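Enquirer: Take a look at the following structure, please.
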Amino acid sequence: MSTRARKQIILAAYVGGVNEHTAWEHPDAGSQIAFDTFRQVAQTAERGRFDYFFLAEGLALRERAGRVFEHDIAGRPDTLAVLASLAAVTDHIGLIGTLSSTFNEPYELARQLASLDHLSGGRAGWNVVTSWDAFTGQNFRRGGFLTREERYTRAEEFVRTVQELWDSWAEDAIVADKQSGRFLADDTVGRFSHAGAQFDIEGRFTVPRSPQGRPVLVQAGISPQGRDFAAANSDLIFSPFSRQPEAQEFYADVKSRARSFGRNPDDLKIIPGAGFVLGDSRADAEEKARHILEQQLSDKAVQVQFEQLWNRDLSAYDIDGPLPSIDPDPEAPPIIQGKAFIYQDRFETVRRWRALAEEKGLSIRGVAAEVSARADFIGTPEQVADALDAFIQNDGADGVVLGGHVTPGGIDEFVDKVVPLLQERGSLRTEYTGSTLRENLGLPVPERRGALAATV
Amino acid sequence: MTTTDRLRLGVALEGAGWHPAAWREESSRPTELFTPNYWADLVRRADAAGIDFATIEDSFAVQSGSPFGADDRTDEVRGRLDALLIASRVAPVTRRIGLIPTVTTTHTEPFHISTGIATLDYTSLGRAGWQPKVSPRADEARHFGRRDIPEFTDREDPRLWEIAAELFAEAEDVVEAVRRLWDSWEDDAEIRDVATDRFLDADKLHTVDFERRSFRVRGPSITPRPPQGQPVIAALAHAEIPYRFAAASADVVFVTPQDIAGATAILDEVRRAERDVARTGEPLRVFADLVVFLDADEPASDRLERLDALGRPLSSDARIFAGSAAQLADEIAALGELGYAGVRLRPGVATDDLPRIADDLVPELRRRDLLAGDGGSLRGVLGLPTSVPNRYAPALAG
């Protein structure tokens, strides 16, 4: 290990909704929608000195052959509204939400996020995603889907436009001098004009510059285009790589891309999602992890996973039997709707899964277990603290987003047992050091750009 | 007097208050208008006093002295935060008060409105409402760049009414879409049946398949049906088109009578609009809006005069009341006699007049036994049925 100072681990917690990872069958499983659930997770994470609470977004319920999935968790609150309410019951923790750049408009989203930043005293963040399918589009005015390239084009201009709006008020735009009667510094406050291929808008923005200047920007993306987009624009990258060596490769690649865009690589933090299972011994933890995986791999969940890849009705196949020998049918209308398709190449993935089944003698369920096992840190609290710390200090990432398998108590054990060990090692702060999310993450406040007011 | 005859009291929150110079008063906190504590303090004060609901104003445009576009004034409050998020921020720190943010229907997605208000209903434990508003201004439309709305300079321009009719028709569609999305989950759709591996019962989830000229929504919602089933919808209305919108879409209407004769005429107009749109179910709860300046150490009329002299004098769609709490209670009682459900008070200076409403007016109304009191959810507080049938659920047999 180098002589570089020990990195402080960035921690985030999320409540899963609309997913197959959370074990709703567990006796401790609580409401997925009651505010107390979100309050408990955010407050527990704050007790553990986590950097932020993260909420993903759903814009459509998943369907199979035109019928809503019945077996997964479904139902979640509006991202912005619940984060604003959480700002009332927490003091330090950041509040980051996923919000689509496809089914929102820059003016509206910029003012909502800036409002959240004001209402939380500088703790807001935005995970920008592009939405991909015509199915989800049926819930929105702009309707249908965009091609992969168009999604990025729109997203890039969307982010740039939102940043222009956030920059439209100077820090000292509000004078509020009761004696002289001057409220605004000048009459151009909030003026903006953006003319681009995606958005042609102008006027005045209603929200003064927020405590963080700009809310923290988070992006995901593993394609070269996605990596560049994130490396150029984001404060955080939400990465899918929680294991070495892929994680290290991704980390090095994205940080070097950031450098090539003229940024300090330390100003871009890389945070994968990760799971954990704690036990009294490694064997105990592994047994628990196996049990969790079994709950996740219910017959219906596995069937849907395979049906999505094959794009065929596979209900006639035995989940504990061999893989279908029939080929996928990419031409048919999608049988599974509203679930992100994560496989780059359908036929190649099927070939790989078949080879895996052949090599290890696996059933459909066995393959599902192999490809979807997601608990990355399994063991005693000491072992998990060791592994997580090593992962971070060896540049696998700058932190992790943790989700418990049970809502809302899933991260309690981590906070009670692992957090103190990380603090003892000096890898996790014992008190919050900043007042804004940017300060806690060690991110600079972006300089206000291109003040239109000054040139008019 | 029965409980249903008694009156409900709301306050309308707008920046430092409804007077353009409100921010300059001694008590005002103009540098805190964009902080959470400012809003929490105001709404908590109203909540503690037993005020039934607070509405929070909003617009996609910077405030202006002109009805048609931005002005270049620098001597008044400019800038505002998103009202739904302000309401969400204060929900966990208040107990009983209804929270009714403004969300416009012209440039927003019905799907986002439905989940946003439903979520406020969850975080406030059944105290959410929504004040839908149209955005008729050209400058607001240019913030979105998706539709052209012509620039107007004259209130009497007949095209203004054409646009208004179009926007209110769309607002009616948006409200209908939102209401359907709230119903798109039956209350017992979540079953968590381990034996059959079913978290949901798909038969209890419904597409809404709502399609109109300017938007469509398929559904079902991503958010389960909110605690109140249907959060309260409240519309401000001054003329026939918005009365009809309110009659078709809302539970509550805020109107702006200038005197008793006007109050009677407006009530008649509202009831006529209800007949014209063939409203069924509960009649609209009609609230009169009043801008209020209440006597303190300084008489309210002196205060108003002093504020008017500071810059742009207050002009308002609603009657401007300046006087004592007892006089205001007389006016409120008179409105109650006519059949009004209550009043929504717009504090002239938020930090002076809200405390006067809480400390002087509310006790005065209580002494006269004019206030309704309790009610649980916002629907309950307003005397609306608290059990709302779901349009998609099969009617219960027997």
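The values are calculated or read from the model by the stated rules, or taken from the named source; none is laboratory data. As the structure is a computational prediction, the values presented were derived from the model and not from experiment. Here the Cβ is made from the backbone with ideal geometry for all residues, glycine too, and neighbour counts use every protein chain on show.
Enquirer: Can you spot a residue in the stretch A:384-395 that is at pLDDT 95 or above and under 23 Å from A:Ala23 (Cα atoms)?
Expert: Yes, because at least one residue in the stretch A:384-395 is at pLDDT 95 or above and under 23 Å from A:Ala23 (Cα atoms).
Enquirer: Still on this model: Please go through the stretch A:85-120 and pick out each residue that is out of contact with any Pro (no Cβ under 9 Å at 6 or more places or on another chain), under 20 Å from B:Tyr122 (Cβ atoms) and either facing chain B (nearest Cβ under 7 Å) or among the acidic types (Asp, Glu) (or both).
Expert: A:Gln112, A:Ser115, listed by residue number.
Enquirer: So which residues in the stretch B:186-224 are within 14 Å of B:Phe111 (Cβ to Cβ) and assigned to a strand (DSSP E or B), if there are any at all?
Expert: If the condition is that a residue be within 14 Å of B:Phe111 (Cβ to Cβ) and assigned to a strand (DSSP E or B), then B:Phe210, B:Glu211, B:Arg216, B:Val217 are the ones that fit.
Enquirer: Follow-up question, since we're still on this one. For the stretch A:161-219, enumerate the residues that are within 23 Å of B:Arg147 (Cα to Cα), of a type in the set (D, E, K, R) and in contact (Cβ under 8 Å) with a residue 60 or more places away in the chain.
Expert: Correct list: A:Glu164, A:Arg191.
Enquirer: I need the full set of residues from the stretch B:25-62 which are touching an Asp or Glu at 6+ places or on another chain (Cβ under 7 Å) and either surrounded by 19 or more Cβ atoms within 10 Å (Cβ to Cβ) or without any contact (Cβ under 8 Å) to a residue 12 or more places away in the chain (or both), in order please.
Expert: Selection gives B:Glu25, B:Tyr38, B:Glu57, B:Asp58, B:Phe60, B:Ala61.
Enquirer: Step by step: first the residues of the stretch B:179-197, then only those that are surrounded by 17 or more Cβ atoms within 10 Å (Cβ to Cβ) and among the basic types (Lys, Arg), then the one that is farthest from the other protein chains (Cβ to nearest Cβ). Which residue is that?
Expert: B:Arg179
Enquirer: Something else now. So B:Gly380 passes all but one of these: (1) assigned to a helix (DSSP H, G or I); (2) farther than 20 Å from B:Val232 by Cα. Which condition number does it fail?
Expert: With respect to (1) assigned to a helix (DSSP H, G or I); (2) farther than 20 Å from B:Val232 by Cα, B:Gly380 is out only on (2).
Enquirer: Then there is this: Identify all residues within the stretch A:136-152 that are buried (at least 17 other Cβ atoms within 10 Å of the Cβ) and either of a type in the set (D, E, K, R) or at pLDDT below 90 (or both); write none if there are none.
Expert: Those that are buried (at least 17 other Cβ atoms within 10 Å of the Cβ) and either of a type in the set (D, E, K, R) or at pLDDT below 90 (or both): A:Thr136, A:Gly137, A:Gln138, A:Phe140, A:Arg141, A:Phe145, A:Leu146, A:Arg151, A:Tyr152.
Enquirer: Is the stretch A:375-384 home to any residue that is within 23 Å of A:Phe250 (Cβ to Cβ), surrounded by 15 or more Cβ atoms within 10 Å (Cβ to Cβ) and out of contact with any helix residue (DSSP H, G or I) (no Cβ under 6 Å at 6 or more places or on another chain)?
Expert: So far as the stretch A:375-384 goes, yes, one or more of its residues are within 23 Å of A:Phe250 (Cβ to Cβ), surrounded by 15 or more Cβ atoms within 10 Å (Cβ to Cβ) and out of contact with any helix residue (DSSP H, G or I) (no Cβ under 6 Å at 6 or more places or on another chain).
Enquirer: Restricting attention to the stretch B:124-147, and to residues there that are over 18 Å from A:Leu99 (Cβ atoms) and of a type in the set (A, V, I, L, M, F, W, C), which single residue is farthest from the other protein chains (Cβ to nearest Cβ)?
Expert: Looking at the filtered set, the residue picked out is B:Val134.
Enquirer: Separate question: Give the number of residues within the stretch A:145-160 that are among the aliphatic types (A, V, I, L, M) and within 20 Å of the chain's Cα centre (by Cα).
Expert: Here the count works out to 2.
Enquirer: I've got another one for you. From the list A:Phe69, A:Phe53, A:Phe140, pick out the single residue that is closer than 30 Å to A:Glu307 by Cα and touching a Gly at 6+ places or on another chain (Cβ under 9 Å).
Expert: A:Phe69
Enquirer: When you go through A:Arg425, A:Arg438, A:Arg448 one by one, which is the residue that is over 23 Å from A:Gln40 (Cα atoms), in contact with an Asp or Glu (Cβ under 9 Å, 6 or more places away or on another chain) and surrounded by 22 or more Cβ atoms within 10 Å (Cβ to Cβ)?
Expert: A:Arg438
Enquirer: Can you find even one residue in the stretch B:63-73 that is more than 7 Å from every other protein chain (Cβ to nearest Cβ), closer than 30 Å to A:Asp172 by Cβ, in contact with a helix residue (DSSP H, G or I) (Cβ under 7 Å, 6 or more places away or on another chain) and at pLDDT below 95?
Expert: yes
Enquirer: A:Asp78 passes all but one of (1) surrounded by fewer than 20 Cβ atoms within 10 Å (Cβ to Cβ); (2) free of Cβ contacts under 8 Å to residues at least 12 places away in the same chain; (3) of a type in the set (D, E, K, R); which number fails?
Expert: (1)
Enquirer: Given the structure, is B:Val90 within 10 Å of another protein chain (Cβ to nearest Cβ), of a type in the set (Val, Ile, Thr), part of a helix (DSSP H, G or I) and at negative phi?
Expert: yes
Enquirer: Here's a follow-up. Being within 30 Å of A:Leu421 (Cβ to Cβ), outside any strand (DSSP E or B), more than 14 Å from chain B (Cβ to nearest Cβ) and of a type in the set (Gly, Ala, Ser) is true for just one of A:Ala289, A:Ala258. Which residue is that?
Expert: Checking each option against the conditions leaves just A:Ala289.
Enquirer: If you don't mind, another one. If you take the residues of the stretch A:56-70 that are in contact with a strand residue (DSSP E or B) (Cβ under 6 Å, 6 or more places away or on another chain) and within 10 Å of chain B (Cβ to nearest Cβ), which of them is nearest to A:Val418 (Cα to Cα)?
Expert: Ranking the candidates gives A:Glu57 first.
Enquirer: Does B:Asp121 count as at the interface with chain A (Cβ under 10 Å from one of its Cβ atoms), out of contact with any helix residue (DSSP H, G or I) (no Cβ under 9 Å at 6 or more places or on another chain), of a type in the set (Asp, Glu) and within 28 Å of A:Thr79 (Cβ to Cβ)?
Expert: For B:Asp121, the condition - at the interface with chain A (Cβ under 10 Å from one of its Cβ atoms), out of contact with any helix residue (DSSP H, G or I) (no Cβ under 9 Å at 6 or more places or on another chain), of a type in the set (Asp, Glu) and within 28 Å of A:Thr79 (Cβ to Cβ) - is not met.
Enquirer: Considering B:Ala195, B:Ala177, B:Ala138, B:Ala171, which residue is closer than 25 Å to B:Leu84 by Cα, among the hydrophobic types (A, V, I, L, M, F, W, C) and modelled with pLDDT under 95?
Expert: Unique residue meeting the criteria: B:Ala138.
Enquirer: Anything in the stretch A:63-77 that is within 19 Å of the chain's Cα centre (by Cα) and not small (Gly, Ala, Ser)? List them, or say none.
Expert: Selection gives A:Ile73, A:Arg76, A:Pro77.
Enquirer: Those residues that are free of Cβ contacts under 8 Å to residues at least 60 places away in the same chain, under 14 Å from the mean Cα position of the chain (by Cα) and more than 16 Å from B:Glu331 (Cβ to Cβ), I need them from the stretch B:283-305; list them, please.
Expert: B:Leu284, the sole residue that qualifies.
Enquirer: Would you confirm whether any residue within the stretch A:167-182 is out of contact with any strand residue (DSSP E or B) (no Cβ under 7 Å at 6 or more places or on another chain), away from every other protein chain (no Cβ under 13 Å) and either closer than 19 Å to A:Arg448 by Cα or surrounded by fewer than 21 Cβ atoms within 10 Å (Cβ to Cβ) (or both)?
Expert: Within the stretch A:167-182 (the criterion being out of contact with any strand residue (DSSP E or B) (no Cβ under 7 Å at 6 or more places or on another chain), away from every other protein chain (no Cβ under 13 Å) and either closer than 19 Å to A:Arg448 by Cα or surrounded by fewer than 21 Cβ atoms within 10 Å (Cβ to Cβ) (or both)), the answer is yes, since at least one residue qualifies.
Enquirer: Same structure, new question: Considering the stretch A:22-55 alone, what residues qualify as being in contact with a strand residue (DSSP E or B) (Cβ under 8 Å, 6 or more places away or on another chain), assigned to a loop (DSSP other than H, G, I, E, B) and more than 11 Å from chain B (Cβ to nearest Cβ)?
Expert: Those that are in contact with a strand residue (DSSP E or B) (Cβ under 8 Å, 6 or more places away or on another chain), assigned to a loop (DSSP other than H, G, I, E, B) and more than 11 Å from chain B (Cβ to nearest Cβ): A:Gly48, A:Arg49, A:Phe50, A:Asp51.
Enquirer: Let me ask something additional. Does A:Gly125 meet the test of being facing chain B (nearest Cβ under 8 Å) and either modelled with pLDDT of 95 or more or within 25 Å of A:Ala88 (Cα to Cα) (or both)?
Expert: no
Enquirer: Just wondering, is there one or more residues in the stretch B:149-157 that are farther than 19 Å from B:Arg212 by Cβ, touching a strand residue (DSSP E or B) at 6+ places or on another chain (Cβ under 8 Å) and either assigned to a loop (DSSP other than H, G, I, E, B) or facing chain A (nearest Cβ under 9 Å) (or both)?
Expert: no
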